[in-house]
Amino acid sequence: MAVRACGLIIYRRLQSAPSSKVTDSIEYLLLQTSYGTHHWTPPKGHVDPGEDDLQTAFRETQEEAGLQASQLTLIEGYKKELHYPVRGKPKTVIYWLAEMKDCNTEIKLSEEHQAFQWLKLEDACKFAEYEDMQATLKEVHQFLCSKE
């Protein structure tokens, strides 16, 4: 059976000049792990017994980034499932999309992470080394652009 994890791709919109495109003001939150290869990912983690997937995503976001569900707006119509092997075992990760209500809210990391960054799409893709994560970020960006 595949290991199952859930998380949120979190973004914020910066106040931008009226002339700039709305999509240029979007930044994505990535956290750098304090273990292994110190890779960068959105907040995510394993599903606990009795939890549904979305509860897991919000709990992990609270534990790893210090963000409460009340500080986020879940974006309807976006859910992404990724499948990949981890140490030879299949893993499924499900991401939802959420917007920060206040773009200045403080991020509070747990011991699992050593750093965080708010990144525009291009930089977020550089930080997220895994191709499927890069593709997911681009897909999210297209999704947000299409909603404008």
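Structure values in brief
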read-out: Qualifying lysines (Cα of each under 21 Å from Cα of Lys126; at least 8 residues distant if same chain); value: Lys44, Lys80, Lys138
read-out: Surface share of carbon and sulfur [accessible, 1.4 angstrom probe, percent] for the chain; value: 50
read-out: Distribution of pairwise C-alpha distances over the stretch 1-87, 5 Å bins, in %; value: 3, 12, 19, 23, 19, 12, 7, 4, 2, 1, 0
read-out: Helix-only mean residue ellipticity at 222 nm for the chain, each DSSP H run of n ≥ 4 adding -39500 (n - 2.57), per residue, nearest 500; value: -8000 deg cm²/dmol
read-out: Accessible area per residue, Å², the chain with all protein chains present, probe 1.4 Å; value: 55
read-out: Cα gyration tensor shape for the stretch 31-70, rounded if a/c is under 1.5, else prolate or oblate; value: oblate
read-out: Interchain or long-range residues, amide H under 5 Å from Lys120's placed H; value: Tyr28
read-out: Cys145 paired with His38, simple spin-label distance in nm, labels 7 Å along Cα-to-beta-carbon; value: 3.2
read-out: Reach of Lys108 by Cα under 12 Å, taken over aspartates and glutamates that are not fewer than 8 positions away in the same chain; value: Glu63, Glu64
read-out: q = 0.16, 0.17, 0.23, 0.29 Å⁻¹: log10 I(q)/I(0) that the Debye formula gives for the stretch 45-94, counting C-alpha atoms only; value: -0.56, -0.63, -1.00, -1.18
read-out: D_trans [Stokes-Einstein, Kirkwood Rh over alpha-carbon pairs] for the stretch 106-148, 4 °C, 1.567 mPa s, µm² s⁻¹; value: 110
read-out: Most mobile listed residue (Thr136, Thr73, Thr37) in the chain, GNM with C-alpha springs under 10 Å; value: Thr37
read-out: Global form of the stretch 34-135, assessed from the alpha-carbon gyration tensor, a/c cut-off 1.5; value: rounded
read-out: Calculated from backbone phi, Karplus (6.51, -1.76, 1.60) coupling profile of the stretch 61-74 in Hz, x at Gly/Pro; value: 5, 5, 5, 8, 10, x, 9, 7, 4, 5, 8, 10, 10, 6
read-out: Under the Karplus curve 6.51 cos²θ - 1.76 cosθ + 1.60, θ = phi - 60°, whole-Hz ³J(HN,Hα) for the stretch 87-94, x wherever Gly or Pro sits; value: 6, x, 10, x, 10, 10, 10, 10
read-out: Sparsely packed chymotrypsin sites (Phe, Trp or Tyr not before Pro) within the stretch 44-148, loop by DSSP, other Cβ within 10 Å at most 14; value: Tyr130
read-out: In degrees, nearest ten, helix 131-147 long axis to first principal axis of the chain (Cα); value: 40
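The values are calculated or read from the model by the stated rules, or taken from the named source; none is laboratory data. None of the values given here were measured: they were computed from a predicted structure. So basically every Cβ, Gly included, is an ideal-geometry build from the backbone, and we count neighbours across all protein chains shown. To get the accessible areas, we keep the full protein, side chains included, count just its heavy atoms, and leave off ligands, DNA and RNA. Shrake-Rupley method; radii C 1.70, N 1.55, O 1.52, S 1.80 Å.
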